[in-house]
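Colleague: After the structure tokens below, expect a handful of questions from me.
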Amino acid sequence: MNPDGCFGGSLLVLIGMFTNVLGAFIGINIGTDVSSMPSASEVVSIIKTHRITHVRLYDADSHMLKALADSGIEVTVGVTNEEVLGIGESASAAAAWVNKNVASYVPSTNITAIAVGSEVLTSIPHAAPILVTAMNNLHKALVASNLNFQVKVSSPQSLDIIPEPFPPSTAAFNSSPNSTIYQLLQFLNNTNSYFMLNAYPYYGYTNGNGIFPIDYALFKPLPSVKQIVDPNTLFHYNSMFDAMVDATYCSMDALNFSGIPIVVTETGWPWQGGPNEPDATVENAGTFINYLIRRVSNDSGPPSRPNIPINTYIYELFNEDKRPGPVSEKNWGVLYTNGTVVFPLSLSGSSQIMGNAMTVFCVAKDDASEDKLQDGLNWACGQGQANCSVIQSGQPCYLPNNIKNHASYAYNDYYQRMHTVGATCDFDGTATITTNDPSYRSCIFTGSSNSSAREGLLPPGAFGPVSPLGESMKLLVSKVRYVISAACLLIILL
């Protein structure tokens, strides 16, 4: 290829001008190989609480798609690798898949993309010849359902399809005009879709035999003597992430496809590894993710496409502890399943800290049975060691004297004290997380930012049925399933 040709076409420049106005987004991948996976409704509640606007599912789980209804969250659904062959061999199978997993949920669930397989060209190469046929079949099914303008079809690929990604200007796919990657790019170009790239600086660094400094992989500033420069274009690369994205743009340019934008569907850094994985640490993971959020949020592109924001999905929401492989493979999540973050997360690179610093409260559900609430109350005030003195007669949180109010206070006190060491907000299904401060008058819930009594009404149900149990208070904690989060950011798919 011509190294000087890696500058993109006018179409992509126009796309960049448009998307720059809208702003880049940070989304998150939701894997499910998790021992204590929270329920779909709990996951969505947390995602909404933390303003995550884009999620990617690795399948088309009906529980998640139903829970995401009316949330406004943009959803990428996945065709699993096991499904690719069948959809590629049968247009009717593709139509059935779209009808079942897309058409039946929109518009309530905001599905905007179908990711066909996961790294098919490198993980299941025997399916490569049929990949683009599968994508075409799905696209035709979307056209038949009049959904092709709302829902785009693409296929996430590993950077491994580029044998030598550095320098970016000379990067090229292993391909020919009849290759699968060429056909894939033709499809994306013809349907106005985008290239889905899985880009992992962690692997670029750990498999790089010391060629690049770790600071380059972690987005950390490099001294002038260590700047990474493409010798052909003289572009300076401040991060391996940018170089990986540019290598993909240049590889597409080499095949004369310069109008296809890139969305990074996976990137991240493991925070724990085995004895032979010294770079998988909490410090490195926190550094990478926070710099990533800051970098994506500045709405700029890599050096060859400075006006094209790099919309990105973080890998991943939770640790998938059931995944096979080395220790690091199980430890990419930015959240524990009890809702606490693994490391502090800064929003848009600002000084605002998200995650554990965001105050949430654990309260009783409106529809919980009084018997179960009483059991939970008994456990929390007893074995759970919650401070239940303030819900005794004559104390600030005694009124309204009903089981739901008393349980809410005890549940929350227990959760605020213990969630950092693994406690959850479940209580046999009778509790839920909220960001609304339940404090009222002189009853200040643990964790509230109010240092003095709040003016206001009693909580909902204040004049409802009064528990005959009066002062008998104590409560029940069950097992987990809740998440509260890392966050990420912002807005709108290409």
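The values are calculated or read from the model by the stated rules, or taken from the named source; none is laboratory data. Note that the structure is predicted; figures quoted are calculated from it, not measured. For neighbour counting, all protein chains shown are included, and Cβ atoms are generated from backbone atoms with ideal geometry for every residue, glycine included. Calculation scope for accessible area: heavy atoms of the full protein, side chains included, ligands and nucleic acids excluded. Shrake-Rupley method; radii C 1.70, N 1.55, O 1.52, S 1.80 Å.
Colleague: Quick check: with the 1.4 Å probe, what order do LYS48, LYS100 take by accessible area, largest first?
Modeller: LYS100, LYS48
Colleague: If you put +1 on each Lys and Arg Cβ and -1 on each Asp and Glu Cβ, how big is the dipole of the stretch 82-208 around its Cα centre, in Debye rounded to 20?
Modeller: Value, rounded to 20: 380 debye.
Colleague: Next up: May I ask you to derive the FRET efficiency for SER62 and LEU234 from their Cβ-Cβ distance with R0 = 35 Å, giving the value to the nearest 0.05?
Modeller: Working from the Cβ atoms, E equals 0.10.
Colleague: Using Cα pairs under 8 angstrom and six or more residues apart, how large is the relative contact order of the stretch 139-282, in percent?
Modeller: Across the stretch 139-282, relative contact order equals 30 percent.
Colleague: Could you report the stretch 87-182's accessible area per residue, 1.4 Å probe, as an integer in Å²?
Modeller: 41 Å²
Colleague: Still on this model: Cα convex hull of the stretch 225-274: mean projected area in nm², to one decimal?
Modeller: Over every viewing direction, the Cα hull of the stretch 225-274 projects on average to 5.7 nm².
Colleague: Next question. Using a 1.4 Å probe, what is the accessible area per residue for the stretch 187-314, in Å²?
Modeller: Per-residue value: 35 Å².
Colleague: Something else about it: In a shell of Cβ-Cβ distance under 12 Å around SER369, excluding SER369 itself, what net charge do Lys and Arg (+1) and Asp and Glu (-1) give?
Modeller: -3
Colleague: Taking the alpha-carbon centroid of each part, what is the distance from the stretch 22-88 to the stretch 397-442 in angstrom?
Modeller: Using only Cα atoms, the two centres lie 28 Å from each other.
Colleague: Residues of the stretch 258-273 with backbone nitrogen within less than 20 Å of a virtual label 7 Å along the Cα-to-Cβ line of SER179, please, listed as ranges.
Modeller: Under 20 Å, as judged by backbone N against the label point of SER179, lie 258-263 of the stretch 258-273.
Colleague: Carbon and sulfur: what percent of the stretch 93-234's accessible surface (1.4 Å probe)?
Modeller: Carbon and sulfur atoms account for 51 percent of the accessible area of the stretch 93-234.
Colleague: Okay, next question. What distance in nm separates the two pseudo spin-label positions at SER39 and THR80, each 7 Å out from Cα along the beta-carbon direction?
Modeller: Placing both labels 7 Å along Cα→Cβ, they lie 2.3 nm apart.
Colleague: Describe numerically, in nm with one decimal, the distance between label points set 7 Å from Cα along Cα→Cβ at SER108 and at LYS220.
Modeller: Placing both labels 7 Å along Cα→Cβ, they lie 4.9 nm apart.
Colleague: Can you send over the carbon and sulfur percentage of the accessible area for the stretch 18-73, probe radius 1.4 Å, protein chains only?
Modeller: 52 percent
Colleague: Quickly work out the ASN190-to-ALA69 label distance, labels modelled 7 Å from Cα along the C-beta direction, and quote it in nm with one decimal.
Modeller: Inter-label distance under the simple model: 3.6 nm.
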